[in-house]
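One structure below.
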Amino acid sequence: MKSIFASLAVLALASHLATGQSVWINEVLTNPNGSDSGAAFGNEYFELRGTPGLALSGYYLLSLEGQGANTGDINQFFDLGAFSIGANGYLFARQNLSPYVATAGGATVIENTAGQGWGLTGASTVGHSGDGTQVDWENSASTILLIQKGAGDAPALTTDLDTDNNGTLDLPAGWTVADSVGIMDSSSANAADFSYGAITLRVGELGSSLEGVIVQVPGTPPTSAGAFYVGRKGESTGSTADDWMGAILNGSSAAPLDITFAYSSDEAFVGKKTPDMVYGGPNLVPEPGTLALVGLGCLALIIGRKSR
């Protein structure tokens, strides 16, 4: 069964590469349990997937504010121009002193080695820039936006990509959006929150998106910080509930490899651990449930009897 799903994923990736799409956001851990980073650890990460060996010149990964008066502002970004997608089609990025060291062979692995977390603006070894002393991903309502600037200007902190605060993007000339995902983890949530993602994974009922679909994540966050994860299913390429899952996490910053998906927009992921999604490799594809397999078996028997 796993080999069938793997074959389908490879065919889907090949199909999309043939149509010109070459890089996607694959997963993002913006808000792990406990402190996101510290003097001796860094528990956030992100992963891209794309054409093996693709040079990322002109690509930037942005975090857009989704709350308050600064909605739509770039509050941090990663300049990816110095990096390339790995030979296996993946790039895995981790914070300083990350525990996520068991990565898939052939992946490009980048890690900040200058200061806490992702590093301060101008010092980070993974191209990170953040407002003030920000060295961790933005929590609460935010949008992760992968852009190719083309002939346009490079991103700058505090640049407003929603100048009239109407919930739709106002992109600078030359920019194109390669991929995007919105995150609403229920931390400090309010009804005026915006997401600009082609898909948004949302806990609770507060916040809206005019740019794409919203997929609900059930359950109540087990921590006041609302620890949260988003990732693609297998090697999906779209922006629907069949392509993405969001999960509320349960665990401890002291044991990051044991953090589990306590609640998920796809119940097949509940109880899985973050390492099950593979660091720098293909994400988990849940197999059909037992009842679904029984149903398929019964259908096969019926068809077989009719044919006889």
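The values are calculated or read from the model by the stated rules, or taken from the named source; none is laboratory data. Keep in mind that what you see is a predicted model, and the values were worked out from it rather than measured. Here the Cβ positions follow ideal geometry from the backbone for every residue, glycine too, while neighbour counts run over all protein chains shown.
Just a few scattered comments:
- Just one of the listed residues (Ser124, Ser142) is crowded, with 17+ Cβ neighbours inside 10 Å and over 21 Å from Gly86 (Cα atoms), and it is Ser142.
- Residue match in the stretch 152-159 (condition: modelled with pLDDT of 95 or more, farther than 30 Å from Ala189 by Cβ and aliphatic (A, V, I, L, M)): yes
- Residues that are free of Cβ contacts under 8 Å to residues at least 60 places away in the same chain, surrounded by fewer than 23 Cβ atoms within 10 Å (Cβ to Cβ) and aliphatic (A, V, I, L, M) were ranked within the stretch 169-209; the one that is farthest from Thr71 (Cα to Cα) is Ala173.
- Qualifying residue in the stretch 263-271 (condition: small (Gly, Ala, Ser), modelled with pLDDT of 95 or more and assigned to a helix (DSSP H, G or I)): yes
- Across the stretch 160-168, a minimum of one residue is classified as part of a loop (DSSP other than H, G, I, E, B), touching a residue at least 40 places away in the same chain (Cβ under 8 Å), among the hydroxyl-bearing types (Ser, Thr, Tyr) and over 23 Å from Ala82 (Cα atoms).
So that you can scan it fast, the table gives a plain yes or no per residue for (1) touching a residue at least 40 places away in the same chain (Cβ under 8 Å); (2) out of contact with any helix residue (DSSP H, G or I) (no Cβ under 8 Å at 6 or more places or on another chain); (3) farther than 24 Å from Ile183 by Cα:
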{"site": "Ala39", "(1), (2), (3)": "yes, yes, yes"}
{"site": "Ile74", "(1), (2), (3)": "yes, yes, no"}
{"site": "Gly86", "(1), (2), (3)": "yes, yes, yes"}
{"site": "Asn96", "(1), (2), (3)": "yes, yes, no"}
{"site": "Asn112", "(1), (2), (3)": "yes, yes, no"}
{"site": "Gln116", "(1), (2), (3)": "yes, yes, no"}
{"site": "Thr121", "(1), (2), (3)": "no, yes, no"}
{"site": "His128", "(1), (2), (3)": "yes, yes, no"}
